[in-house]
Amino acid sequence: MTVFSYLVPEEAAGQRLDKYLSEQPGLPSRSYLQRLIEENCVLVEQRPVKSNYRLQKGNHITVSVPEPKELSVEAEQMDLDIFYEDEDVLVVNKPKGLVVHPAAGHENHTLVNGLLYHCRGNLSGINGILRPGIVHRIDRDTTGLLLVCKNDSAHASIAEQLSIHSITRRYHAIVHGMLSEDGTVNTPIGRNPNDRMKMAVNHKNGKPAVTHYHPLAPLKNFTYVECRLETGRTHQIRVHMASIRHPLLGDTVYGPSKLPFPLEGQTLHAKVLGFRHPRTGKYLEFEAPLPEYFEKSLIRLHI
């Protein structure tokens, strides 16, 4: 069992317990934390409390995360495009259409299934039995680089880097309309109150989210852009670009339902990934070439 300990600072006073913990590096997802709270694995001042407990300055919190159970997810042999690998981390180039981890409707044939086979089960267990090794995610129809952790020590280090926004994450995308200047979208993102399957700019209940964008080239009625993430909220680039009326080409969830030509999902590619190695501290950076479908879209839309 791994035990995490926290002392609540003044600026966190009044926050819900589950919200505060979900923002701490190295801990599991908020839903898993809520289950731990229900099972009395989370104590405030050495006593169990509920998820909605409002914290006070100086509260001492302990979180006991049980050792990961034996995985019920089956290992599957896959042709993974691995850019880097050592005893602590692995960088993989995810293809379009591949779901990162098992969930309802996608119990098998996910990246996690392939990682379990490739790594022989040697993956971090902090994020639970369905998401071993996964410290950050990209959407099913987003391509590009993903960092995987092979042990809990590496996971905690990478989670800390994510929390202080020191990891380099640059995405390439094609957006509707013409953009000619750099810009930043700094608006909170949360669940869409009218559709729980979608995210939305949400000033009341959203989490802070910052996306910087830089036009790379004008296209016919579109713009080829680079987006740099400070935070990593669900659907962040898709939601932020749609919020400034420049939704991603191919994104029928947050953009137009009618496509100019056949596409399977949004044109979004996680091109550059940089981080400090959790063991050596050395900065590593990797770049994945654009996938074929993306290159063809650029050629098709070229002025």
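Structure above, values below:
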read-out	value
Test: residue in region 17-34 that is among the aliphatic types (A, V, I, L, M), under 23 Å from ASN205 (Cβ atoms) and without any contact (Cβ under 8 Å) to a residue 40 or more places away in the chain	yes
Subset of region 130-153 (residues that are among the hydrophobic types (A, V, I, L, M, F, W, C) and either within 20 Å of ARG238 (Cβ to Cβ) or surrounded by fewer than 24 Cβ atoms within 10 Å (Cβ to Cβ) (or both))	LEU130, ILE134, ILE138, LEU145, LEU146
Residue selected from region 210-256 under the condition out of contact with any Gly (no Cβ under 8 Å at 6 or more places or on another chain) and polar (S, T, N, Q), by the criterion farthest from GLY274 (Cα to Cα)	THR252
Residues located in region 254-284, provided they are surrounded by 12 or more Cβ atoms within 10 Å (Cβ to Cβ) and assigned to a strand (DSSP E or B)	LEU268, HIS269, ALA270, LYS271, VAL272, LEU273, GLY274, PHE275, ARG276, LEU284
Residue, modelled with the lowest pLDDT, within region 102-151, restricted to residues that are under 21 Å from LEU162 (Cβ atoms) and among the basic types (Lys, Arg)	ARG131
Qualifying residue in region 83-95 (condition: touching a residue at least 60 places away in the same chain (Cβ under 8 Å) and open to solvent by 80 Å² or more (accessible area, probe 1.4 Å))	yes
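Residue-by-condition table, conditions (1) among the basic types (Lys, Arg); (2) open to solvent by less than 70 Å² (accessible area, probe 1.4 Å); (3) farther than 18 Å from ARG30 by Cβ:
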{"site": "PRO193", "(1), (2), (3)": "no, no, no"}
{"site": "VAL201", "(1), (2), (3)": "no, yes, yes"}
{"site": "VAL210", "(1), (2), (3)": "no, yes, yes"}
{"site": "TYR213", "(1), (2), (3)": "no, yes, yes"}
{"site": "LYS220", "(1), (2), (3)": "yes, no, yes"}
{"site": "THR223", "(1), (2), (3)": "no, yes, yes"}
{"site": "GLU226", "(1), (2), (3)": "no, yes, yes"}
{"site": "GLU230", "(1), (2), (3)": "no, yes, yes"}
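The values are calculated or read from the model by the stated rules, or taken from the named source; none is laboratory data. This is a predicted model, so every value here is computed, not measured. Counting neighbours? That spans all protein chains shown, and the Cβs are built from the backbone with ideal geometry, glycine included. We work out accessible area using only protein heavy atoms, side chains counted, and drop any ligands, DNA or RNA first. Shrake-Rupley method; radii C 1.70, N 1.55, O 1.52, S 1.80 Å.
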